[in-house]
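Okay, so here's the structure we're looking at.
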Amino acid sequence: MSRLQMVVNDRAVDLDVPDSRFLSEVLREDLGLTGTKIGCNEAECGICTVLVNGTPVVSCTYPAFKASGTRVETIEGLSTDDNLHPLQQAFLDHGAVQCGICTPGMIMTSKALLDEKLAMGEVPSENDIKAALKDTYCRCTGYQSVISAVKQASGQDIPPYIPKTVSAGFEVGRAKPNPDALAKIRGQAKFTDDYHFPGMLYARTLRAGVPHARIGSIDTSAARALAGVRAVLTHEDVPGRNLHGIVDLDWPVLCSDKVRYSGDAVAVVAADSESIATQALELIKVDYEELTAVTDAVSALNSGASVVHEGRADGNLLKHIKVKKGDVATGFDQADVIVDRTYRTPTTEHMFLEPECAIGVPAGYDPAKFGGAFDKDAVRGITAIHDKLSIYVGSQIPYLDRDQAAAALGREPDQVRVVATLMGGGFGGKEDIAGQIHVALLSEATDRPVKMLYSRQESLLFHPKRHATVIRIRTGATSEGRLTAVAATLYGDGGAYASLSEKVLTRATTHASGPYDVPHVKVDCFAAYTNNAPCGAFRGFGVSQSCFAVESNMDILAEKLGLDAVEFRRRNTLDVGLVTATGQKMRESVGLNECISRVNRDMRNNDFQWSWQEGRSHFAWGFAVAYKNTGLGGGAPDKSSAQVELWAGPGQDIRAEVRTTAAELGQGLPAVLAACTAEELGIPAKCVNVLLGDTDYCPDGGPTTASRQTFVTGNAARHAARSLTDLLSPVAGKLLACDPGQVEFNDGCFRVAGNSISLAEVVRAASGSGIPTVAEYEYWAPKTEPLGTGGDMHFAFGFCAQAVLCEVNGDTGEVHVRKVVAAHDVGRAINPLTLEGQIEGGIVMCIGYALTEHYIQEQALPWTSVMARYKMPGIGHTPSIISHIVEHPTSSGPYGAKGVGELPSIPTSAAITNAIYRATGVRVRSLPVDQDGLLRAMRAGEKEVELGWGDLEPIPVVTLGGEK
Amino acid sequence: MVDTSRISGLDRISIEHDHIVIGCAVTHTQIVREQSIRRSGTCLVESCGVIGGPQVRNVATLAGNVAHAMPAGDGSIGLLALNGEIEVADAAGCRWMPLQDAFLGPGKSAIDPRRALLTRLRFRPTVAGEASAFTRVMRPQGVALPMISMAARLQVDGDNTITAVRISLGPAGPVPHLARPAMDLLKGRPAVLQEFKKAADAVLASVALRNSKHRATREYREEMIRTQLPMILTRAAERARGSQVVPQGLGL
Ligand SMILES: Cc1cc2nc3c(=O)[nH]c(=O)nc-3n(C[C@H](O)[C@H](O)[C@H](O)COP(=O)(O)OP(=O)(O)OC[C@H]3O[C@@H](n4cnc5c(N)ncnc54)[C@H](O)[C@@H]3O)c2cc1C
Ligand code: FES
Ligand code: FES
C-alpha cells in the first residue's frame, strides 16, 4: 500500500492504494470517474489517456503511485455544465463522436497537444495532430472529422465537412450531431462497465483453450471452496435450454460433451472480486480428450475430415448456397476474354473499442440490502426498478437476447428484461450472445447483481469474426467490353458455430457478380464448420469478401480488353430495368452510374494519370464499385416497431419520445429517429427524446444489422408519429369545432379551413381528458422472396464508387492510401453529418481490411491473442476523403432513404489492390497486403502475390462449380 | 518495483565531462526534446522518437528499452551506434560498462533487476565532422517490433574520408548487432554512396539474418540492408559534412 495524494480535476485526493493498482483503476473504481474508458489494458489503444501534469499517459498501465503529487486531468474536468471546452464543442460540431468510447481519450490527448501549442503561440498542423494521436485509436470515425475538430478547437476556421445533399425538409436532411453525443464528450455517457450496483459480484468464464476436444469430466469443487467465490456453474446448472444461436441453435451456453473452439465456455464463476474469480478459474479441472482440429473451410469438407458437429447429415458442410442465372457455358462461349483467378480474404476482427460487458440484476434486487442506493436516472430516464431479472448489456438485438436468456433459464420471455446500455461499437460483433445468459444464470444463482466484463484478450478469443474466404472467380467479356458470364466458387470458414454464417455467406454469394448486368451467372458457396472462432456478422456481411474478388477480376479484364477500368465498368452497370444475378429486376433507386460519374470526374481533374513515379515512390489510382442490400431480405419477415409519445408543457412547449429497441452502435440512429419523428410532428428534433433498447419500455425494433434500421425503424417512427396525430385528430376536431374527418395535420398544427390549433394545445387537451398521447406502429418492410425463386430478394440496394490514390514505396514496399474520392447512393441523406461519419469510418475500416488486419489462427488456436497483434488503422492511415452523396430515392424508404452503414466499407480494399497493381505491376490476391511479399515480387518481376500478411500456405486450389 | 523516476537526479539529462549522461528515469519524450541530443546524438533521438506513441514515450525510458534487451529494441540500436555505455549499481557499487555487455540474449539482460539497477546511460556527443542517423522499417500490421532497425555514426575529415564509423542493426542475431566487418571496410574510404553499398554487402556477408514468422523474411531484411543502410550512411555523412541536422521520422 502507498499513500496517494494527488489533485484530480482540481480536487485534492488522498487515499491508500496497493502498489499494483493502476491509475485507471483508481480513477474509475475508487473515484467513480468512469469517463476514462478502457479498451485494452495493454497500452495499445490509447482511449484511457489522461493528463498527468499536463502530459498524456495511458492510465491503464500507469502505476497509480507514480501519480503521487501530480495534477491529473480527466474528461470530467474539462468543462462545467454550461460551458464546453473548445475541443468538446468541435468534436460535437464535426461529428467526431460516434460510439463515443474513444472520445474521452481522443479529447484528452488532443488537449495536451493544444495546450502545448497554445503555450508556444502556435496552432497544430495536420502532422502535429497525426503525431499526437498516432496511438489513440478510433474504430468509428475514420479520423478525418477528428483532425478537423482539433484544428477548429485550436482557432483555425475549419467548418465541418458536410457533402452537398438535396434540400432539407423541416428536420430531415439537416446536419446535426447525434443527440447522445453531448453526454459522450463530457464523459458522462454510461457504457455497461460504467454501471455499478451495490452488492455486485464479478464473473469470469472458463474457456476451453483447446480447439476441439471431448470433455471427460469437469471438477469444480476446489473452485467452489475458494473464499469469496459465490457460484460456479457448468452445463449441469443451466435449468432450461443449453443452446443459443441467432439462426441455428447449435452453440452451448456452457459446453457439456465437447468443445469446438478454444474460446468455448465451459464454466462460469461469480465472486466478490474479479481476481478471486480469476483464481477460481484456475482451480477448475477439466479432462479433455483432444480431437483433430478442423482448421480451414476447404479441408473441412474433405472426406475423412474430423467432424465438428456430430449427427449432421452434411458433416462439416454448414450450407451449400447456390446462385444461378442463364447458362454460364453459353456465356463463356460468347466471351472473347476470360479471367479466372482465386482470391483469399482473412478472418478479421471487429475491434469495437469497448469489450463485451453484461450485468445481471436479480428480480427483487434492493440496493439498500447492501447499504447502497442505485442512481435512478442512470438508465436513461427510466426508473431503475428491478421487478424481474434484468440484463444490462450493449446489444445489437435486445429482444433476441431476452428470449435466449429466458430459454436458458427455462422461463417465459416476459420474465426477463434487457436494458440496452450504450454500445462502444458493434459492427456486427455484438449480435451473438456473449455474457448475457451467463450473468442471468449467475445473478439468479447468487441473488446478487453480477458483472461480466471481458478483457480485450478474451474478447479477441471469444467473439464471432468476419469469415475468411477462398473465392475462385471466372469472368468473361466480349471484346466490346460487355460481361457475358461469371462463375464462382466460394469457401467460407464459419468456425465452430453457425452464428449468421448462412446469411452472411448468402450475401457473399448473391453479390458475387457485382453490381453488374451479367446474363449468365453461376455461383456456389460452401459454408463450412471448422474449429476456428465462429464467424458471423461484420459490417459488409459477406459482400466485403466477394467484392474484393469481383472488382479485382474486373480490373484484370479491363486491362486485357484494353479498356479504361472505369469505362469497362460503366458498360456493365446495373440500372433501372436490369436484372441482378438472383433474378431481381431493378425498378428504381439505382444511382450507380451517377456515383461512377462523380468519382470519375474528380479523379480525372487536372492532368490525370493512372500512375506515375516520384523518386522512389510509385503512385497510382485504383477504382472499385459496390452495392449492398438494405434489410434482411431473402423472404425473412423484416419489421420494426416504434412508439411515439407526446407531452405538452405550458404554452407551445412540447416534448416527444420515440422508443424502440433498434440499437445505436455509433452509427447515428438516434439522430435519424429524432429527425423522422420531428419531421412528421412538425416539432424541432431537439424536443424529441430517443429511448432505445429497454425491452420493458420499448417495442421490438428487430436486429440492428443489414443496414436496415434507418429504413425500417425510420419508417416505424415516422408512421408511429403519424398514427399519433391521427389519434389526436378527434381531440383537435373538438377544439376546432369541426368534424374530425376534416382535420388535417401539417407543420405542427391541426388545420381546418383557415383555422388551426397547435400540436401542444391538442396534446394538453388530450392529456387533460385522459386520452392517451402515445401510439405504436409496427412497420413491415416490403416483402422479399427467398433465393432461388427469382423474385425480389431485397427491397433496396445502396450503391457506391470509390477511387483511391495509393503510394507504394519502391524501396520498402510500404503502401499508403493518400486520397479517396467516394460517391454513395443512399436514397436520401436524413442527417448528412452522421452519414458522412459512416462513410469516412467505413472507408478507413476497409483500408484496414486491405492493409493491416488479419485475425491469425494457427492449428485453430489464435496467434492474435492480444490487441498488440491486431492493428486497425490509426490516424496515420487516414487519407483525405472527398465524399459525394448521391440521392436516388427508394419509394418505400423514409423520405427515400436506404441503408448506408455497411456500403462504404466494401469496395475500398479492391480499389487499393487495383491501385497497387497499377503502381507496381503486382496483383495481390490475398489480404491484407504484405509489404514484404509485395516488394519481393516487385524485385523478382513476379506478376501476382498470393500470400497475404499472416498466410503461411498458398491459396488452396478449388474447382469451379460442382460439389466436392 | 522501484520507481526510478523518484530517485533524484535520475530523471535528468546532463553533460558531464565528455559525455551526455541520461538518467534511467529519463523518458523517450525527454530525449527527443533535448537539443544537445538532437544535434549530437541524432540517431538516438530518431530511434527513441519512433517507439510506441506519444503516451508510451511520455512514460517509457531508454533504460527500460536497454534492460528489455530486445535484439531490435529501437533505442538500444540507436545508443549502440553511438558507442553508448551504461552505469550499473548493485551491492558492490556503481560501474560503467559498454552497452553491448548489457545484452545476453533475446530478452535477456545482464542486469538482474532483483540485484542491480541500470542507473544511467551515456555516450560521447558527436563533434564537428561527425554525425549519426537511424531508420527502421515497420509493418502496419500487428507486430510491435520493427522488421529491421539500423543506425550509424560516422566521422569524415576534410577530404570526405571516413575516419570513424559505427553501424548497429537488429534483429541480426540474439542481441543488438554491431556490424564490425562493414565498419572496418569503411574506415579510410571516401564517404560516398558506392562505398556505402559495399558496406551493406559486407553486412550481408557477415550476418545471418533470419525469417521471423509474421514479421519479416530473410530476403526482405537483406533487401532493407541493401537499400536503407546506404541511405542512413549517406544521411549521416551529409550531416557530418555540415548540413543542417533535422531528425527524421519522429513520431511515426
Ligand atoms: C504500445 C507500445 C509500443 C512499443 N513500441 C516499441 C517500439 O516501437 N520499439 C521498441 O524498441 N520498443 C517498443 N515498446 C517497448 C517498450 O515500451 C520500450 O522498449 C520502452 O523503452 C521500455 O521502457 P520502460 O521504461 O517502460 O521499461 P519497463 O517496461 O518498465 O521495463 C522493461 C524491463 O526492464 C527492466 N528495467 C526497467 N528499468 C530498469 C532499470 N533502470 N534497471 C534495471 N532494469 C530495468 C524492467 O524490470 C523490465 O523487465 C513498445 C511498448 C508499447 C507498450
Ligand atoms: S491503452 Fe489503456 S485501455 Fe487501451
Ligand atoms: S467513436 Fe471512436 S471508437 Fe467509436
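The values are calculated or read from the model by the stated rules, or taken from the named source; none is laboratory data. As the structure is a prediction and not an experimental result, all values here were calculated from the model. Reconstructed Cβ throughout: ideal geometry from the backbone, glycine too, with neighbour counts over all protein chains shown. We work out accessible area using only protein heavy atoms, side chains counted, and drop any ligands, DNA or RNA first. Shrake-Rupley method; radii C 1.70, N 1.55, O 1.52, S 1.80 Å.
Going through A:95, A:121 one at a time, which residue ends up being outside the structural domain of residue A:846 (by TED's automatic domain parsing), farther than 20 Å from residue B:250 by Cα, part of a loop (DSSP other than H, G, I, E, B) and more than 16 Å from ligand 3 (Cβ to nearest atom)?
None of the other options fit; the residue is A:121.
If I filter segment A:854-867 for residues that are within 14 Å of chain B (Cβ to nearest Cβ), open to solvent by less than 10 Å² (accessible area, probe 1.4 Å), among the aliphatic types (A, V, I, L, M) and more than 26 Å from residue A:95 (Cα to Cα), do I get at least one hit?
Within segment A:854-867, one or more residues are within 14 Å of chain B (Cβ to nearest Cβ), open to solvent by less than 10 Å² (accessible area, probe 1.4 Å), among the aliphatic types (A, V, I, L, M) and more than 26 Å from residue A:95 (Cα to Cα).
Just one of the numbered conditions (1) open to solvent by 10 Å² or more (accessible area, probe 1.4 Å); (2) within 16 Å of ligand 1 (Cβ to nearest atom) is not true of residue A:113; which one?
Unmet for residue A:113, out of (1) open to solvent by 10 Å² or more (accessible area, probe 1.4 Å); (2) within 16 Å of ligand 1 (Cβ to nearest atom): (2).
Looking only at segment B:172-181, decide whether some residue is touching a residue at least 12 places away in the same chain (Cβ under 8 Å), open to solvent by 10 Å² or more (accessible area, probe 1.4 Å) and assigned to a strand (DSSP E or B).
Taking every residue of segment B:172-181 in turn, at least one turns out to be touching a residue at least 12 places away in the same chain (Cβ under 8 Å), open to solvent by 10 Å² or more (accessible area, probe 1.4 Å) and assigned to a strand (DSSP E or B).
Looking at (1) open to solvent by 50 Å² or more (accessible area, probe 1.4 Å); (2) touching a Pro at 6+ places or on another chain (Cβ under 7 Å), can you tell me which one residue B:196 breaks?
Every condition holds for residue B:196 apart from (1).
From A:634, A:666, grab the single residue that is under 28 Å from the mean Cα position of the chain (by Cα), modelled with pLDDT of 95 or more and part of a loop (DSSP other than H, G, I, E, B).
Result: A:634 is the single residue among A:634, A:666 that is under 28 Å from the mean Cα position of the chain (by Cα), modelled with pLDDT of 95 or more and part of a loop (DSSP other than H, G, I, E, B).
So in segment A:137-155, with the set limited to residues that are part of a loop (DSSP other than H, G, I, E, B) and among the hydrophobic types (A, V, I, L, M, F, W, C), which one is surrounded by the most Cβ atoms within 10 Å (Cβ to Cβ)?
A:138
Search segment B:237-247 for residues being out of contact with any Lys or Arg (no Cβ under 7 Å at 6 or more places or on another chain) and either charged (D, E, K, R) or modelled with pLDDT of 95 or more (or both), and hand back the single one that is surrounded by the fewest Cβ atoms within 10 Å (Cβ to Cβ).
Checking each candidate, the answer is B:246.
Under the condition of being under 18 Å from residue B:12 (Cα atoms) and under 11 Å from the mean Cα position of the chain (by Cα), which residue from segment B:66-97 is farthest from ligand 3 (Cβ to nearest atom)?
Filtering segment B:66-97 for residues that are under 18 Å from residue B:12 (Cα atoms) and under 11 Å from the mean Cα position of the chain (by Cα), the one farthest from ligand 3 (Cβ to nearest atom) comes out as B:84.
Which one is nearest to residue A:932 (Cα to Cα) among residues in segment B:202-225 that are buried (at least 16 other Cβ atoms within 10 Å of the Cβ) and more than 13 Å from chain A (Cβ to nearest Cβ)?
That would be B:204.
Tell me the strands (runs of 3 or more DSSP E) entirely within segment A:745-801 that contain at least 2 residues that are under 38 Å from the mean Cα position of the chain (by Cα).
Qualifying strands (runs of 3 or more DSSP E): A:774-780.
Say whether the condition of being open to solvent by 20 Å² or more (accessible area, probe 1.4 Å), touching a residue at least 60 places away in the same chain (Cβ under 8 Å) and either within 14 Å of chain A (Cβ to nearest Cβ) or part of a strand (DSSP E or B) (or both) is met by at least one residue in segment B:184-192.
Taking every residue of segment B:184-192 in turn, none turns out to be open to solvent by 20 Å² or more (accessible area, probe 1.4 Å), touching a residue at least 60 places away in the same chain (Cβ under 8 Å) and either within 14 Å of chain A (Cβ to nearest Cβ) or part of a strand (DSSP E or B) (or both).
Take the conditions within 25 Å of the chain's Cα centre (by Cα) and either within 14 Å of chain B (Cβ to nearest Cβ) or open to solvent by less than 70 Å² (accessible area, probe 1.4 Å) (or both) and apply them to residue A:124. Does it pass?
Taking the combined requirement at face value, the residue does not satisfy it.
If I filter segment A:433-454 for residues that are among the charged types (D, E, K, R), buried (at least 24 other Cβ atoms within 10 Å of the Cβ) and under 24 Å from residue A:260 (Cα atoms), do I get at least one hit?
No.
Restricting to segment B:60-102, and then to whatever is within 19 Å of residue B:20 (Cα to Cα), away from ligand 1 (no atom under 11 Å from the Cβ) and assigned to a strand (DSSP E or B), can you tell me which residue is farthest from the other protein chains (Cβ to nearest Cβ)?
B:98
What is the residue count in segment A:35-73 for residues that are in a loop (DSSP other than H, G, I, E, B), surrounded by fewer than 23 Cβ atoms within 10 Å (Cβ to Cβ), more than 9 Å from every other protein chain (Cβ to nearest Cβ) and away from ligand 1 (no atom under 13 Å from the Cβ)?
Selection size over segment A:35-73: 4.
Residues of segment B:100-110 being touching a strand residue (DSSP E or B) at 6+ places or on another chain (Cβ under 6 Å) and open to solvent by less than 20 Å² (accessible area, probe 1.4 Å), which ones?
If the condition is that a residue be touching a strand residue (DSSP E or B) at 6+ places or on another chain (Cβ under 6 Å) and open to solvent by less than 20 Å² (accessible area, probe 1.4 Å), then B:102 is the only one that fits.
When only residues in segment B:136-160 that are among the small types (Gly, Ala, Ser) and surrounded by 23 or more Cβ atoms within 10 Å (Cβ to Cβ) count, which is nearest to the other protein chains (Cβ to nearest Cβ)?
My answer is B:142.
Check off (1) in a loop (DSSP other than H, G, I, E, B); (2) in contact with an Asp or Glu (Cβ under 9 Å, 6 or more places away or on another chain) for residue B:47 and give me the number that stays unchecked.
(1)
Determine which member of the set A:221, A:303 is more than 24 Å from residue A:466 (Cβ to Cβ), hydroxyl-bearing (Ser, Thr, Tyr), out of contact with any Phe, Trp or Tyr (no Cβ under 6 Å at 6 or more places or on another chain) and in the same structural domain as residue A:453 (by TED's automatic domain parsing).
When all the criteria are applied, what remains is A:221.
Suppose the filter is crowded, with 17+ Cβ neighbours inside 10 Å, without any contact (Cβ under 8 Å) to a residue 60 or more places away in the chain and within 11 Å of chain B (Cβ to nearest Cβ); does residue A:17 pass it?
Judged against the criteria, residue A:17 is not a match.
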